[in-house]
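Every number here is computed from the coordinates shown, using simple stated rules; none is lab data. Predicted model only: the values in this text are computed from it and were never measured. Note: ideal-geometry Cβ built from the backbone for every residue, glycine included; neighbour counts use all protein chains shown.
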Amino acid sequence: MNVRHEFQAIKSLFFPRWDRANLWRISTRSRRSVHGYCDRICKVIEVAVAPSDPDERDLLLIHEICHAVTSGSHGKAWQARMGRAAERADRFGRDRLAHRLREEVAAYREVGDWRTEMYLMVEGWLETQPDVTLAQVKRAIAAECGLLYSEVATKLRRLKTVFLRSRRDAQDARDRRSDADRATA
């Protein structure tokens, strides 16, 4: 079964009230570095890599459609919708899929807010590499999160502020070490 047919099957089985007007489409073309992405503006589910395993493929489609029917994040609404999909999978006798859906929710609960994680990662990068540029940081975040470079600043609104503060802190720490080295010499 191809991804388009599977998309329609998942819609009818797991999301029967969603997208009745068929405004959403699926695309197997993506410029992103992740397996799937939900573009809520264009109403497109992008699948860059469709797993050959049916449960993994369905997990990917359900994951992305849950973004479409909720706020777009991996927050509580998305987690609840994934949980309802797991319950449906149980009813359909898709035990492995139900288990994988629940594992996915648990993994995102443990991670917490991805934005906070990204800001902490920027701070860490600048501690070890104080000469890194904002453009380099944006490219790294885009690759890490499956975003386009142009989306990074809109998804992480505090990025420039965090970057500049972290760079200043890293430079101050470097200056203090340099001063200490001169004092002991």
- Any idea what the dipole of the stretch 114-184 comes to, in debye rounded to 20, about its Cα centre with Lys/Arg Cβ at +1 and Asp/Glu Cβ at -1? 300 debye
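Between Thr116 and Arg17, what FRET efficiency follows from the Cβ-Cβ distance if R0 is 30 Å, with the result rounded to 0.05?
Calculated value: 0.35.
Counting helices only, and only those DSSP H runs with n ≥ 4, report the 222 nm mean residue ellipticity of the chain as the sum of -39,500 (n - 2.57) divided by its residues, in deg cm²/dmol to the nearest 500. Intermediate values should be presented prior to the final figure.
Numbers: 8 runs with 121 residues, N = 185.
One gets -21500 deg cm²/dmol as the mean residue ellipticity at 222 nm.
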- Message: I'd like the Karplus ³J(HN,Hα) series for the stretch 149-155: coefficients 6.51, -1.76, 1.60, θ = phi - 60°, whole numbers in Hz, and an x wherever there's a Gly or Pro.
- Response: 3, 5, 8, 4, 5, 7, 7
- Please order Met121, Met82 by the number of other Cβ within 10 Å, starting at the fewest. Met121, Met82
- Note on the structure: Restricting to aspartates and glutamates and to Cα separations under 20 Å from Lys11, and discarding same-chain partners fewer than 8 apart, the set is Asp19, Asp39, Glu46, Asp53, Asp55, Glu56, Asp58, Glu64, Glu87, Asp90, Asp95, Glu104
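Could you tell me the relative contact order of the chain? Use alpha-carbon pairs under 8 Å, at least six residues apart, and round to a whole percent. Write out the running numbers ahead of the final one.
On the way: 175 pairs, mean separation 29.3, N = 185.
RCO, the chain: 16 percent.
Within 10 Å of each residue's Cβ, count the other Cβ atoms and sort His99, His74 from fewest upward. Mind showing how you got there, number by number?
On the way: His99 15, His74 22.
In increasing order of surrounding Cβ atoms, one gets His99, His74.
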- Task: Could you list which residues have their amide H under 5 Å from that of Ile26, counting only those 5 or more apart in sequence or on another chain, with H placed in the peptide plane?
- Result: Ile45
- Note on the structure: Percent relative contact order for the stretch 57-159, counting Cα pairs under 8 Å at least six residues apart, stands at 16 percent
- Task: Check cross-link reach from Lys160 to the aspartates and glutamates: straight Cα distance under 12 Å, and skip same-chain residues fewer than eight apart.
- Result: Glu123
- Putting +1 on Lys and Arg Cβ atoms and -1 on Asp and Glu Cβ atoms, find which of Leu101, Ala85, Val69 reaches farthest to the positive end of the dipole of the stretch 3-111. Val69
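Report the charge-dipole magnitude of the chain in Debye, nearest 20, computed about the Cα centre from +1 at each Lys and Arg Cβ and -1 at each Asp and Glu Cβ. Working shown, then result.
On the way: 35 positive and 27 negative charges, 162 e Å.
In total the dipole reaches around 780 debye.
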- Message: With the cut-off at 1.5 for a/c, could you classify the stretch 30-72 from its C-alpha gyration tensor as rounded, prolate or oblate?
- Response: oblate
- Message: Taking the number of other C-beta atoms within 10 Å as the exposure measure, put Arg4, Arg17, Arg100 in order starting with the fewest.
- Response: Arg17, Arg4, Arg100
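Students often get this wrong, so check it: of Lys76/Lys155; Lys43/Lys138; Lys76/Lys138, which have C-alpha atoms separated by over 23 Å?
Values: Lys76/Lys155 18 Å; Lys43/Lys138 25 Å; Lys76/Lys138 27 Å.
Checking Cα-Cα distances, Lys43/Lys138; Lys76/Lys138 exceed 23 Å.
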- Message: With θ taken as phi - 60° and the coefficients 6.51, -1.76 and 1.60, list the Karplus ³J(HN,Hα) couplings across the stretch 86-99 in order, rounded to whole Hz; mark glycine and proline as x.
- Response: 4, 4, 5, 4, 4, 5, 7, x, 9, 4, 5, 4, 4, 4
